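The values are calculated or read from the model by the stated rules, or taken from the named source; none is laboratory data. Since this is a predicted model, take the numbers as computed values, not measurements. Cβ placement follows ideal geometry from the backbone for every residue including glycine, while neighbour counts extend to all protein chains displayed.
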Amino acid sequence: MSQVLPVLVERDDDLARLVERAARADALAVDVEANGLFAYRARLCTIQLAFREGDGIAVAVVDALRAPVAPLAPLLGAAGPPKVLHDLTFDARMLAEAGAPLAGARDTSVAARMLGCPATGLAALLLSELGVTIDKQLQQHDWGRRPLASRELRYLADDVLHLLALDARLAERGRALGIEDEIAEECAYKLATALGPPRDPRPAYARIKGAQALDPEGRAILRRLAAAREAAAEAADTPAFKIVGSEVLLELAQRRPARADDVRAVRGAAAGRAATCVAAWLRAIEQGRSDGDVPEEERALFLQVRPPRRELAARRAMETRITGWRRAEAKARKVDEQVVLPGHCAQELVEIALAAGNAGDAAVAAAIARIPGLGARRLARYGGALAAL
C-alpha cells in the first residue's frame, strides 16, 4: 500500500481551494468509491483526485458525504483539464447522479484493451507497465463508514497516484502504433454510453435468468416477488441481492408454495435476512396468482419470436464476413482487432447490412457514417470496405 497520505477534503472552503489548484493542472486522475454493496441506494462516498503540481503529484480525497460535489462540476466537465480514469463507466454514472458529470475523459482500460494487453485491470496494468504493486484488499470495503482511517486514505490514494503515469505510458504506445485517434474515439463512446439510458430497459424481474420460460401466472408471481424483495431491501437499507438471490425468487415462482412450510422448503427463501420475509413471499405469490399475468404493456417482453432460418443464416454469414475482414485487416496493420472495428460497431454493421434490402449505396454509406463510436478516422479509412461487405 502507498505511503502517500492524501489530503482529506471535508469542508467547502478546502474544496474551493482544491478546485482552484487542480484547474491549473495539465491532466487530472479521477476515481470514486460508493457503498453499493452495503446500502439499498448506492451513495457516492469519496472522490479521489491526483494531478501534477510542481515536481510531484498532489493527491486529495473529497469526502462526498460531508462536502458538496457540485463545486467539482466545472473541474470534471468540459471546461476542466483532461480527465484520466480506469474503467470509467461506474465513476461517470455516480458523478453524473451527484451533479458533476464527466467530460473530456480518457480511460486507461480502453487504451490497454486496444493495445492488446493480456490483462486490463488496474493492478495488473500498473505492475506490467510501471512495475508498481497496489493493495486491493479493501476492494469491497464499506466506504460509507466514517471516519476514514489512514489505511483507508492510503488505499484510496493508490487508485489515482500512478494513473497519470500509466496514461502517459499507454498513450506513448498508442502513438507508436498510430492508433491514438481510435483510442480517443472509443473512450468518448464509452463515456457517452455510461451517461446514456440503460442498454436493457426491462424491469428487473424480467431480466432474471429463467423468467422467459415461465408461464403467464409464473411471471406475474415473479413480478410480485421481485417487488416484495425491493420493499424488504429498502426497509433494511441493504442491496436487494442480500435479502435473497434472484434464483430463489425464480424457484418460488416455479413452485408457487401456498404454506409457510413449503416456502421454507425452498433453499434460501427463509434464510438470513429472508427469515422475516416468508409472509411477504406468500402474499406476493397469492397476488401473482390473482393477477394471472403481468400488465399488458409488459407482456411483449416475454414474446420469443425466432427469426426465420433464412434470416439467421444471413446474419451468421454477415458476421463471418465482418469477423474475417476485421481479423485480416488487424493482422496486416499489426494492431488489435478492436482498433480496426470495435465489437459494438460490428454489431451495428450487421444490422445495417440485414436492413439494407434494396437501399442504394448512398443510404448504406450514410447509415455506416452514423454508427456510434465508429469515428471519422475509421470512416475515412474503411467506409468503402465496410459498405462492400
| query | Quick check: anything in the stretch 167-177 farther than 30 Å from residue 289 by Cα and touching a Ser or Thr at 6+ places or on another chain (Cβ under 8 Å)? | reply | yes
| remark: The condition of being surrounded by fewer than 19 Cβ atoms within 10 Å (Cβ to Cβ), free of Cβ contacts under 8 Å to residues at least 60 places away in the same chain, farther than 30 Å from residue 344 by Cβ and of a type in the set (D, E, K, R) holds, among 142, 200, 215, only for 215
| message | Quick check on the stretch 39-47. Is at least one of its residues β-branched (Val, Ile, Thr) and more than 22 Å from residue 105 (Cα to Cα)? | response | no
| query | Name the pairs whose Cβ atoms lie under 8 Å apart, with the first residue in the stretch 254-278 and over 19 Å from residue 288 (Cβ atoms), the second surrounded by 13 or more Cβ atoms within 10 Å (Cβ to Cβ) and polar (S, T, N, Q), and 6 or more positions between them or separate chains? | reply | 273/238
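Residues that are surrounded by 22 or more Cβ atoms within 10 Å (Cβ to Cβ) and either out of contact with any Cys (no Cβ under 6 Å at 6 or more places or on another chain) or not acidic (Asp, Glu) (or both): which helices (runs of 4 or more DSSP H) entirely in the stretch 1-97 hold 3 or more of them? Steps first, please.
Working: elements: 12-22, 73-76, 89-97.
Those helices (runs of 4 or more DSSP H) span 89-97.
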| remark: For residue 278, the lone unmet condition from (1) among the aliphatic types (A, V, I, L, M); (2) at pLDDT 95 or above; (3) not assigned by TED's automatic domain parsing to the domain that holds residue 230 is (3)
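So that you can scan it fast, the table gives a plain yes or no per residue for (1) under 23 Å from the mean Cα position of the chain (by Cα); (2) at pLDDT 95 or above; (3) part of a helix (DSSP H, G or I):
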residue	(1), (2), (3)
191	yes, yes, yes
202	yes, no, no
217	no, yes, yes
227	no, yes, yes
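From the list 310, 377, 283, 326, exactly one residue is touching a residue at least 60 places away in the same chain (Cβ under 8 Å) and in a helix (DSSP H, G or I). Which is it?
Details: 310 fails: touching a residue at least 60 places away in the same chain (Cβ under 8 Å); 283 fails: touching a residue at least 60 places away in the same chain (Cβ under 8 Å); 326 fails: touching a residue at least 60 places away in the same chain (Cβ under 8 Å).
Only one candidate qualifies: 377.
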| note | Residue set 67, 79, 58, 92; condition modelled with pLDDT of 95 or more, under 22 Å from the mean Cα position of the chain (by Cα) and either closer than 30 Å to residue 244 by Cβ or assigned by TED's automatic domain parsing to the domain that holds residue 163 (or both); output residue 92
| field | Residues of the stretch 354-374 classified as surrounded by fewer than 16 Cβ atoms within 10 Å (Cβ to Cβ), on the phi < 0 side of the Ramachandran plot, outside any helix (DSSP H, G or I) and out of contact with any Phe, Trp or Tyr (no Cβ under 8 Å at 6 or more places or on another chain), total | value | 4
| task | Scan the stretch 181-197 for residues that are in contact with a helix residue (DSSP H, G or I) (Cβ under 6 Å, 6 or more places away or on another chain) and surrounded by fewer than 18 Cβ atoms within 10 Å (Cβ to Cβ) and jot them down. | result | 181, 195
| field | residue 103 at pLDDT 95 or above, part of a helix (DSSP H, G or I), within 30 Å of residue 43 (Cβ to Cβ) and small (Gly, Ala, Ser) | value | no
| Of the residues that make up the stretch 133-149, is at least one over 24 Å from residue 64 (Cα atoms) and part of a helix (DSSP H, G or I)? | no
| Selection within the stretch 236-295 - among the hydroxyl-bearing types (Ser, Thr, Tyr) and under 30 Å from residue 34 (Cβ atoms) | 238, 246, 276
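Okay, residues lined up against (1) in contact with a strand residue (DSSP E or B) (Cβ under 8 Å, 6 or more places away or on another chain); (2) within 27 Å of residue 20 (Cβ to Cβ):
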{"residue": "57", "(1), (2)": "yes, yes"}
{"residue": "79", "(1), (2)": "no, yes"}
{"residue": "90", "(1), (2)": "yes, no"}
{"residue": "107", "(1), (2)": "yes, yes"}
{"residue": "113", "(1), (2)": "no, no"}
{"residue": "129", "(1), (2)": "no, no"}
{"residue": "164", "(1), (2)": "yes, yes"}
{"residue": "167", "(1), (2)": "yes, yes"}
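Every residue, every condition in (1) modelled with pLDDT of 95 or more; (2) in contact with a Ser or Thr (Cβ under 6 Å, 6 or more places away or on another chain); (3) closer than 18 Å to residue 43 by Cβ, yes or no:
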position: 84; (1), (2), (3): yes, no, no
position: 96; (1), (2), (3): yes, no, yes
position: 113; (1), (2), (3): yes, yes, no
position: 125; (1), (2), (3): yes, no, no
position: 128; (1), (2), (3): yes, no, no
position: 142; (1), (2), (3): yes, no, yes
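Residue-wise test of (1) touching a strand residue (DSSP E or B) at 6+ places or on another chain (Cβ under 8 Å); (2) aliphatic (A, V, I, L, M); (3) under 23 Å from residue 262 (Cβ atoms).
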{"site": "177", "(1), (2), (3)": "no, yes, no"}
{"site": "184", "(1), (2), (3)": "yes, yes, no"}
{"site": "195", "(1), (2), (3)": "no, yes, no"}
{"site": "210", "(1), (2), (3)": "no, no, yes"}
{"site": "216", "(1), (2), (3)": "no, no, yes"}
{"site": "239", "(1), (2), (3)": "no, no, no"}
{"site": "247", "(1), (2), (3)": "no, no, yes"}
| Residue ID - surrounded by the most Cβ atoms within 10 Å (Cβ to Cβ), chosen from residues in the stretch 375-389 that are under 14 Å from residue 346 (Cβ atoms) and not small (Gly, Ala, Ser) | 386
